[in-house]
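Heads up, the thing below is written out as structure tokens.
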Amino acid sequence: MDTEVYDVVILGAGLAGLGMGMRLKMAGEDSFVILEKEDRVGGTWRDNSYPGASCDVQSHLYWFSFDEQPDWSRVFAMQPEIQTNIERLVARRGLNHHIRLGAEVTEAVWSEDAGQWVITTVTGEQLRARAFVTAWGQLNRPSFKGIEGREHFDGVSFHSARWRHDVDLAGKRVASIGNGASAVQFIPEVAEVAEHLTVFQRTPNYVVPRQDRPYTEEERRMFLDDPARLQESRDGYYWEHEGWIGAMKLESNPVAEEFTRVAREHLETQVPDPQLREKLWPSYPIGCKRLLIADTFYPALTRENVELVTDHIERIEAQGVRTADGRLHEMDVIIYATGFETLSFMGHVDIVGRSPRSWPPRAGDGVSLRDAWREAPEAYLGMTVSGFPNLFILYGPNTNLGHNSIIAMLECQFDYVLKALSAGREKTAALDLRPEVLERYNSGLQEELRATSFAGSCNSWYKTPDGRITNNWSGSVEEYRQRTAALDLADYDLVPVGD
Ligand code: NAP
């Protein structure tokens, strides 16, 4: 089999991988391929098709600033509209012939001799590239951690990100295990059709109003006709979200207090029963876990056919869910809204970095990213790791946000990667981060994170069981933008590569 050679190989055709591809094209770069393991683009928006799925960030802000997509049907777009627009973007931007579907990457090995990454897919196909950009997302491997006995259940069960649209929930006894950002969106929809819905809650969340609405025909026309109005809308949302940063700080401050007040008012307005309210009110600082934005979740919990259970889940049995009080909750369907494995970052891909070796390279010769990240995943600005030249990670460690659009973070990353690629081309070298830069960066970052609400007294997908925050950025998007605005070549060793 011939080995194909590209300048850049991108792993993943979600918004991060597609955005990177688009920016490469805009920079006049044509030698790149996007490898996608599934048979459709879209990443999280392809996977999460559960009823009610929509974005928690306003559509005008949850889209690339460098792409024209002025027409959205409502303030917060629903999943089908986002997925459609992603597919349209691929066609409009001519990305189709750069994308290879069903091409799951299993291994990427840096060859010092060739000055290239050698990337292998599940079919055994090999590609070589000067740079390897991973866009594997933080939220795509379903987690069932701590749930015993799933295999014993006689009914139907599935994860929220693998929704079984063939299962009719009408007239069924349904369980939702979990009450996070995914669950609060489908619970109102399921409650409408199920005979009975039991929501198993381990930890309550802060919920604030969503204030969604369809755009009027006049508004849609205005955004189509006048790019300045769209930009104005986008900027308005962006700065509003940047202002939320106080809710991500541990120290008491007016923003966090205001969010707590709004969440309390929302609860009191929507839930009349004081006992139910008590179960739903968190005891940790706001922002510690993901802040939820939902108008229909609390009302769903007040329905006759919905029960909120806060007893610990002991195990799953053939008939249903056994809780610690000994009660068996009989079910026909169990929906696991139990989140994702968020701490490993690289999924099942073996990434092997530098070591002196001869061609062809073999996995196991060099340092593996898995080993480098044994204690915790870390990357300079979330993107580069010492010992892995020209490996660029998008939405990598410590780049998630609690307060603003991830698209804004990705755009900073695209710019940085483009700078790195052009500096490398100019110097005929691959960029390998100096270890002391990563060390210095990380100790500063972890220090800053200690002052954030993510470090508060709660469990969350942002951190390891021993409390190290691996997923979230410590500050505002503007701070990240400033940190990533310039690429300092002194941060990198230049590994000579051939022309
Ligand atoms: P999640 O936030 O990790 O929530 C998982 C839920 O399952 C939590 O309620 C968790 O309880 C519960 N759980 C997990 N294991 C359990 C166990 N063994 N026993 C009982 N309960 C258990 O997952 P998610 O709701 O899928 O959301 C993940 C992230 O995706 C969000 O934070 C957000 O960033 C993103 N998201 C965004 C949107 C949007 O934009 N609209 C929508 C959905 C998701 P604990 O709280 O106690 O851990």
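Brief remarks follow.
- Counted residues, the range 207-229 - those being at pLDDT below 95 and within 11 Å of the ligand (Cβ to nearest atom): 0
- Only one of the numbered conditions (1) on the phi < 0 side of the Ramachandran plot; (2) free of Cβ contacts under 8 Å to residues at least 60 places away in the same chain is not met by His165, and that is (2).
- Gly467 being open to solvent by less than 60 Å² (accessible area, probe 1.4 Å), within 16 Å of the ligand (Cβ to nearest atom) and free of Cβ contacts under 8 Å to residues at least 60 places away in the same chain: yes
- Matching residues, the range 17-61, being within 11 Å of the ligand (Cβ to nearest atom) and of a type in the set (Asp, Glu): Asp47, Asp56
- When residues of the range 301-320 are limited to those that are β-branched (Val, Ile, Thr) and under 29 Å from the mean Cα position of the chain (by Cα), the one most open to solvent (accessible area, probe 1.4 Å): Thr310
- Any hit, the range 440-463, residues being in a loop (DSSP other than H, G, I, E, B), buried (at least 21 other Cβ atoms within 10 Å of the Cβ) and touching a Phe, Trp or Tyr at 6+ places or on another chain (Cβ under 6 Å): yes
- Taking the range 142-159 as the range and being within 11 Å of the ligand (Cβ to nearest atom) and over 30 Å from Ala108 (Cβ atoms) as the test, the residues that pass are Gly146, Ile147, Glu148, Arg150.
- Any chance Gly353 is buried (at least 24 other Cβ atoms within 10 Å of the Cβ) and touching a strand residue (DSSP E or B) at 6+ places or on another chain (Cβ under 9 Å): no
- Exactly one residue out of Asp295, Asp273 is out of contact with any Ser or Thr (no Cβ under 8 Å at 6 or more places or on another chain), in contact (Cβ under 8 Å) with a residue 12 or more places away in the chain and among the charged types (D, E, K, R): that is Asp295.
- Residues of the range 107-141 classified as open to solvent by 30 Å² or more (accessible area, probe 1.4 Å) and within 16 Å of the ligand (Cβ to nearest atom), total: 3
- Take the conditions (1) without any contact (Cβ under 8 Å) to a residue 12 or more places away in the chain; (2) more than 14 Å from the ligand (Cβ to nearest atom); Leu421 misses just one of them, which is (1).
- Residue that is surrounded by the fewest Cβ atoms within 10 Å (Cβ to Cβ) [pool: residues in the range 169-187 that are near the ligand (Cβ under 10 Å from one of its atoms) and outside any loop (DSSP other than H, G, I, E, B)]: Phe186
- Filtered residue count, the range 188-206, keeping only those that are within 12 Å of the ligand (Cβ to nearest atom) and open to solvent by less than 70 Å² (accessible area, probe 1.4 Å): 7
- Test for Pro282: is it at pLDDT 95 or above and away from the ligand (no atom under 16 Å from the Cβ): no
- The set of residues in the range 39-63 being within 25 Å of Ser176 (Cβ to Cβ), among the polar types (S, T, N, Q) and open to solvent by less than 20 Å² (accessible area, probe 1.4 Å) consists of Asn48, Ser54.
- Restricting the search to helices (runs of 4 or more DSSP H) fully inside the range 210-296 and requiring at least 2 residues that are over 24 Å from Pro188 (Cα atoms) gives 217-225, 227-242, 254-270.
The values are calculated or read from the model by the stated rules, or taken from the named source; none is laboratory data. Since the model is a prediction, treat every value here as computed from it, not as a measurement. All Cβ positions, glycine included, derive from the backbone under ideal geometry; neighbour counts span all protein chains shown. Quick note on the areas: whole protein, heavy atoms, side chains included, nothing else; ligands and nucleic acids left out. Shrake-Rupley method; radii C 1.70, N 1.55, O 1.52, S 1.80 Å.
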